[in-house]
């Protein structure tokens, strides 16, 4: 069983290696991740410049020491998380059985997933037909990865009960894309696990101005809390109540419920457009 | 009526000015757009470096000449399309009545919207509660903007029939997010207008390798056609049949249909996680 | 007579256009400059990514209005000042009679020239055998370009008295590389013109720390005044005494005066190296 | 004795660690280097964005194994070589006794030093008053670092014969700045050591065009050999004749020999400037 592990905090992030340590007990792990931290880049690709990737040797302690589970092969990519995932699946590693992105230090909830590099990398695994897990813990400063790592191990074990992909591997029913968020607690602090829906905007952006005149610059921060009272059943609600949240995702922004409103808006527009009333 | 116009092809792109020329007949246009072309950046934000924005004067011919409709105020942003939209709405312009992103040279269909800067900018208008239109034409090399500009003008006129926002402006029912794709044809070549669903992957990535050894570099291109036979009713299908396509979008990746499969997968996992069988 | 005009403050900088207005009275001006401000990049080249250049039309008022002197052809380069100069001389413009870089807002004195984009662009003209002028005024916030523009016009007129390159053009004797710094004063405030030597370090760097832990970042600023009492005859001394300073430059860092000390240091080292005492 | 070791090939470059292995036998080595390869950036500084630095643990084999000489402390900097050197000397490490930049894979000869990151980093040590060595080998593809490492060890031993800085440390006479280039040969292939002068332009730039129309891009390469017959006594000549070349450098571009020509050019210009004949 082959597992691609990537992230957006970069190749040196402790959360990546917390994931590597549990995953290498499940299968052969290939780490292909950005060489630098990449928060906020979402699903962006590098299309106008070349990307470099470097095979690296890392301190074996990072992944649990020598002789601990399957070997780990590691590449550092001078690009975005999505670049890393594409480069892995199309070139450096090839087909895998599972794609994991994380463990991110900081939650990826609600609308945040649109600008999340963790999810942005994962989506490249999902659209290629692989079971995919994006996983984060709800703390940036002192992240605790133990509970998330344990949950990741359980999820991988359930996706592949025999420790290897089954005959229906690759079938649409098995092609799940899970966005997992775990409270920043030790295992004993977790209230349970909830299957949730993606919430709405959790944080808004604020602008800080620096300098004057021609030297003026703007800093964008995502620090304005919007979801003060999140709806029950959402990922935001779950995390705020100390539940680990698991949200099934897709890779489309289509909005069927708005079709009637759009139909009303557009009634007769084709005639108007094509008669070109000029 | 105030309109924010942005794009991902950059402040100098002809498609932006084709949009400006029709929109300034509808309202006061503020152009806030990247100073450089930004394809493939999706919804990415610049969070770890400051962004600069510069008020610019452009050749008046670009927007239809002096004294033609309402005045146009223009800012060039050293950042992504989403940076530009956020900076406009939070700082440079403030609240508006309509957000338009485009007219992009090159379609944004199906799963492409995840890495589209055109849609990535627009989404920042939508999540702030503004009616939002992302608009593209299906040709990169010799884009023809006339039909798309005419359709954009009609859409703006229908959203604001009186030429000004109505009393329910800002209500959720009016907060539509439309992804518009127009065939690269003169108006006479357009077969009609279709309300569509977002298709699946249209293009896959390929990797081109350059150089050897330590100098090896990878170029990512999105040029491998996947949707050779798109499903009827999708945006891909519409464009391939010379229809202008209008797809209602949302800003979430949540996937309700996968909930049962996830429930089955997770049965009893909380107990397993929390008893921590170590 | 063909003149290449570049800078490091970018294509929109007022100082560039103050230079364009006087130079187009002397010859045909080609502006090839970065599309963004580029301070501190020195002579750096973009070798690992492609550079884009775009022919641009600018507000004719910028260069003194239509029909004012020779026409001006303008390119914006997504690269460094040195990239711009190389691209102009090797591709976009070809051979010229004079290279001018500036007028920079902020002096480029003493050791500062090593990290100056203004000088870094100019050096690419000089090493190709063209007479070259780098020119700056001593004020960043409210730069006054009139005196510098007038001096630039005089210098160009003296390099080409007949308004055209003479027969000895391109000969080494004519291949001067002048670093010109003008006090930030109106013409009436200038005490005179001095031929100077390059001073030593004028400003040192300081580091400002931002954020904590994994989010810690360092800002480098060049704001620590070192040359409090500059030696008479240097460019720093001249500017501080309200003289315009003209310093002849070369493009080498070789240090003949240190040869004896190095000879003493290295005595017998070859024998030691080659006998390889291992 | 404290030694700062930096480079422009990045923290993972074998040449850096070849230097670390010999220098840690001389003193306490602090490696502060870019996290990515940075060729062609010269002395450029990052002034408009924050720089991150990360303490890293590297595979101990890289620096010769545990318990081999003095310990090595390592930082990776998300910036230029000059950023790295400044950050080290002003913040991360503080004062040192020796600054070494290299061992670079690829020579840095003649005018190349103006765009060399190896020299660009070193110059920041020299202007702060530290003895400084920039060192390179003449091969990019299969660089052989043994001879250069041995020469570096000898140079450090001669600068500090007692293994520690002497009482005159920091005095100008001891503040040498040496640019060392070693042929890409095993020790037995080195013909000797020469004190040289900096040659002129060794390589010129060529431009390769890619794409068409709005997608056109330019690649700058430094691959056009200019110095086909280098002058005897120069660094280019030495390397071509299999000598290790040691060139004393300074950090100024001043050109005293051109003063008479400039005096002739400028005769009476102050009067002309200040009477302002308008």
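Things to note:
- Relative contact order (%) - criterion: Cα under 8 Å, at least six apart; region: segment D:1-64: 41 percent
- Pseudo-label separations to other copies for residue C:216 - Cα-to-Cβ vector, 7 Å, nm: 3.4, 3.6, 4.9
- Taking a ≥ b ≥ c as the square roots of the eigenvalues of the alpha carbon gyration tensor, segment D:167-273 is oblate, as a/c is not under 1.5 and a/b does not beat b/c.
- Chain D's nearest residue to the axis relating it to B, judged by Cβ and reported with the distance in whole Å, is D:49, 2.
- Computed per residue of chain D from DSSP H runs no shorter than four, each worth -39500 (n - 2.57), the mean residue ellipticity at 222 nm is -6000 deg cm²/dmol.
- A convex hull fitted around the alpha carbon atoms of segment C:223-270 yields 167 Å³ per residue.
- Expressed in units of 2.2 N^0.38 Å, where N is the residue count, the Cα radius of gyration of chain A is 1.11.
- Each Cα pair under 8 Å and six or more residues apart adds its sequence gap; the mean of these over the residue count of segment A:107-260 is a relative contact order of 28 percent.
- Ratio Rg/Rh, restricted to segment C:4-77 and using Cα atoms, in which Rh is the Kirkwood radius: 1.00
- Hull shadow area, averaged, segment B:1-135 [alpha-carbon convex hull, nm²]: 7.2 nm²
- Pairwise centroid distance, computed over Cα atoms, of segment D:73-123 with segment C:55-110, Å: 32 Å
- Residue with peak Gaussian network fluctuation, chain C [Cα springs, cutoff 10 Å], from C:55, C:217, C:150: C:217
- With a simple spin-label model that places each label point 7 Å from the Cα along the Cα-to-Cβ direction, the separation between residue D:73 and residue B:256 comes to 5.8 nm.
- Cα centroid of segment D:216-278 to Cα centroid of segment A:238-272, whole Å: 64 Å
- Length-normalised contact order for segment C:2-261 - Cα pairs under 8 Å, 6+ apart - percent: 18 percent
- Remark: spin-label model distance residue B:207-residue A:191 equals 4.4 nm, labels positioned 7 Å along the Cα→Cβ axis.
- Label point 7 Å beyond Cα along the C-beta direction, distances from residue A:94 to other copies (nm, shortest first): 5.2, 5.5, 6.1
- Plainly put, the tip 7 Å out from Cα toward Cβ on residue A:261 is 2.9, 7.2, 7.5 nm from that tip on each other copy, the closest given first.
- Modelled spin-label separation between residue B:219 and residue D:232, with each label point placed 7 Å from Cα along the Cα-to-Cβ direction: 4.8 nm.
- Three-way shape call for the protein assembly as shown based on the alpha-carbon gyration tensor, with the a/c threshold at 1.5: oblate
- Using alpha-carbon coordinates, inclination of helix B:14-23 to the longest axis of chain B, degrees: 60 degrees
- The angle separating the long axis of helix D:117-126 from the principal Cα axis of greatest extent in chain D is about 80 degrees.
- Segment D:60-162 shape via C-alpha gyration tensor axes, a/c threshold 1.5: rounded
- In chain B, the longest principal axis of the Cα atoms and the axis of helix B:146-159 are about 90 degrees apart.
Read-outs throughout are calculated quantities, based only on the coordinates presented, and are distinct from any laboratory measurement. Quick caveat, the model's predicted, so the values are computed rather than measured. In this analysis, Cβ positions are derived from the backbone assuming ideal geometry, glycine residues included, and neighbour counts consider all displayed protein chains.
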